[in-house]
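Everything on this sheet refers to the single structure shown next.
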Amino acid sequence: MKDTTGAAPRPEDRWLSRRQAADHACLSVRTLERLALDGAGPPFSLVGRRALYPLSDLNTWLRLRLATSTSAATVRASMADRGCGA
């Protein structure tokens, strides 16, 4: 459906290809593919065979992994991957 209001789309409403999402998250495409396969990556939608990532969800996924030390990062990512909302 076309936006008839004339308003520019908000950046957080953008959808990124897997390559764009990987670049945004500073990950390789292969790592993002592996995370998707394991169910540990950011939410995405399949359109045909193409994975598309909502920018807002990708940023939220990245924010959930913020840490102040490497040991905290490991625990936090592990809890988030299990749905514990670290």
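Results, tabulated for the structure shown:
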| read-out | value |
| --- | --- |
| Surrounding net charge for residue 17, when Lys and Arg each add one and Asp and Glu each subtract one, Cβ distance under 10 Å | +2 |
| Segments 59-66, 16-23 sorted - mean Cβ within 10 Å per residue, highest first | 16-23, 59-66 |
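Throughout, read-outs are computed from the coordinates displayed, never taken from laboratory work. These numbers were taken from a predicted model, which means no experiment stands behind them. Note that we place each Cβ from the backbone using ideal geometry, even for glycine, and neighbour counts take in every protein chain shown.
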